[in-house]
1. Give 116, 135 a once-over and let me know the one that is within 30 Å of residue 290 (Cα to Cα), touching a residue at least 24 places away in the same chain (Cβ under 8 Å), in the same structural domain as residue 45 (by TED's automatic domain parsing) and surrounded by 21 or more Cβ atoms within 10 Å (Cβ to Cβ).
2. Among the residues of the stretch 264-323, which ones are of a type in the set (S, T, N, Q), in contact with a strand residue (DSSP E or B) (Cβ under 8 Å, 6 or more places away or on another chain) and assigned to a helix (DSSP H, G or I)?
3. Could you list, in sequence order, all residues of the stretch 217-233 that are under 25 Å from residue 104 (Cα atoms) and surrounded by fewer than 18 Cβ atoms within 10 Å (Cβ to Cβ)?
4. Look through 55, 38, 6 and report the one residue that is free of Cβ contacts under 8 Å to residues at least 60 places away in the same chain and not assigned by TED's automatic domain parsing to the domain that holds residue 126.
5. If residue 284 meets every condition in (1) under 30 Å from residue 62 (Cα atoms); (2) of a type outside the set (S, T, N, Q); (3) surrounded by fewer than 19 Cβ atoms within 10 Å (Cβ to Cβ); (4) without any contact (Cβ under 8 Å) to a residue 60 or more places away in the chain apart from one, which number is that one?
6. When you go through (1) outside any loop (DSSP other than H, G, I, E, B); (2) acidic (Asp, Glu); (3) touching a strand residue (DSSP E or B) at 6+ places or on another chain (Cβ under 9 Å) one by one for residue 201, which number turns out not to apply?
7. Can you confirm whether the stretch 242-255 contains a residue that is under 30 Å from residue 4 (Cα atoms) and of a type in the set (Lys, Arg)?
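The values are calculated or read from the model by the stated rules, or taken from the named source; none is laboratory data. Values in this document were obtained by computation on a predicted structure and should not be read as measured data. Ideal geometry is used to build each Cβ from the backbone, glycine not excepted, and the neighbour counts take in all protein chains shown.
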Amino acid sequence: MEIIGSNFHCNLAEIHLNQIDPDNYKEQEEAFTAGALSVAGLLHHKFIEPRYQYSRELDPIVGVSFTGLFDFFVQAFGVDWLRWWAEGRPATAQGLAFKRREEEYLSFWKNTVQRVVWEYCDRHNIKRPNRCTTVQPSGTKSLLTSASPGWHPPKAQRFLRRITFRKNDPVALACIDYGYNVIPSQADKDEQGNLLNDPLDARVSEWLVEIPVAVLWADLPGADQIDISQFNAIAQMDFYMQVQKFYVTHNTSATIELRENEVEALGTRIYEAIRDDEGYISAALLARFDDLQTFPRLPFEPITKQQYEQLMKEVEMRRQTEDFHAVLSRYDFGELIEAGPAGCDSDKCMMPEQTSM
C-alpha cells in the first residue's frame with residue numbers, strides 16, 4: 001500500500017523519467033513542478049461526503065510519482081552502471097559514487113515537489129500536505145512510453161508483453177488491425193486442460209494481445225551483454241531503499257524478485273532495515289521462475305534482439321492502419337460499461353488463490 005490512511009482520497013501525478021534528459025536539470029525541474037501543481041490544484045476540491053472532507057482538512061494527501069527511473073539512470077550513467085548492478089551493487093569506490101549521484105537526483109526531485117506544493121498551498125491558503133512524494137504501481141501505464149515500471153529494472157532489454165482483454169474488446173480489435181498478434185489467455189483451455197490456440201474458438205473468453213517491447217537503451221553498446229534477470233534480490237533491495245530514503249515520503253510500490261537461495265539473505269537485510277529505522281515500510285516478494293514453461297504465456301517474456309526484430313517485421317506486415325485512434329473509434333461506440341485491459345494481468349495475479357480450510 002503506497003498511501004496509508006483511512007477515509008481519504010489521494011491526488012496522484014506521475015513523471016515518465018525515460019522521456020527526460022539526465023543532463024537537463026531545468027527540464028527535470030519543470031516536469032516535477034508540473035506534477036506538483038497538478039496534485040496541489042486538486043486540493044481545492046470540496047467533497048460532498050463529510051468524512052472525506054473532514055479527512056482532507058485534517059491531512060491533505062498528495063503523491064507525485066515517477067516511472068522509468070531505471071531507464072533514466074542507464075542514460076545518465078551508461079553501461080558501467082548496468083555492470084555494477086550485475087555485480088550486486090557492491091560498495092566499491094565506483095559503486096559509492098553511483099549511489100551519491102542517485103541520491104542527488106532523487107533528492108533534487110523530492111525537494112522540487114515539496115517546494116512547489118507548499119508554495120502553492122501558501123498562496124491559496126490551503127493546509128500544506130506533510131508528505132508529497134510516492135512511487136505508485138505503474139505496470140501497464142509505463143508501456144505508454146516503453147518505460148521500466150516505477151523504480152524496477154525491466155524484465156529484459158527486449159520482451160514480449162501480453163496484456164489481457166476480454167474477447168472482442170474494442171481495444172483488442174484495434175490492436176489486431178494495428179498488427180499485434182492475439183492469442184487465447186492462460187485461463188482458456190479445452191476439456192483435457194490444454195491451452196487453446198485459436199482466439200476465435202467459441203470456448204475462448206479472454207484474449208492476450210502480444211506487444212514486442214524494447215527499452216530505449218536496448219541498443220546501447222554492451223547492454224545486451226547484461227542479463228537483467230540475474231540481478232540479485234539484495235541489489236534490488238538496495239536500489240529500492242535509495243528511492244525510499246531519498247525521494248519517497250509516503251511508501252514505494254516495490255516487488256523484489258528472488259530465488260530460493262536468496263530468501264535468507266534478503267530476510268536478514270529487511271530485518272536490518274527495520275531494526276536500524278532506515279525508512280523501510282513494505283515490499284512484495286515474488287519468486288523468479290527461470291523455466292518459462294512453468295507459467296506459459298507469461299505477461300512478460302524476455303526475447304532476443306533477433307526475435308524482437310522478427311516480431312516487429314510481422315507486426316508491420318499485418319498492420320492495416322497507422323492511425324490507432326481512428327481504428328479504435330471504428331470498434332468502440334462508447335456503449336460498453338467496461339473496456340480495456342484486465343484489472344490485473346501481472347504474473348502475481350496468475351498464482352492460485354489461497355483457500356482457508
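1. Step by step, each of 116, 135 is checked, and only 135 is within 30 Å of residue 290 (Cα to Cα), touching a residue at least 24 places away in the same chain (Cβ under 8 Å), in the same structural domain as residue 45 (by TED's automatic domain parsing) and surrounded by 21 or more Cβ atoms within 10 Å (Cβ to Cβ).
2. Matches in the stretch 264-323: 307 only.
3. Once the filter is applied, which keeps residues that are under 25 Å from residue 104 (Cα atoms) and surrounded by fewer than 18 Cβ atoms within 10 Å (Cβ to Cβ), the stretch 217-233 yields 220, 223.
4. Within the list 55, 38, 6, the selection yields 6.
5. (4)
6. Condition (1) is where residue 201 drops out.
7. Yes, the stretch 242-255 contains a residue that is under 30 Å from residue 4 (Cα atoms) and of a type in the set (Lys, Arg).
For (1) of a type outside the set (D, E, K, R); (2) closer than 22 Å to residue 78 by Cα, each residue gets a yes or a no:
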| site | (1), (2) |
| --- | --- |
| 161 | no, no |
| 175 | yes, no |
| 178 | yes, no |
| 194 | yes, no |
| 203 | no, no |
| 212 | yes, no |
| 241 | yes, yes |
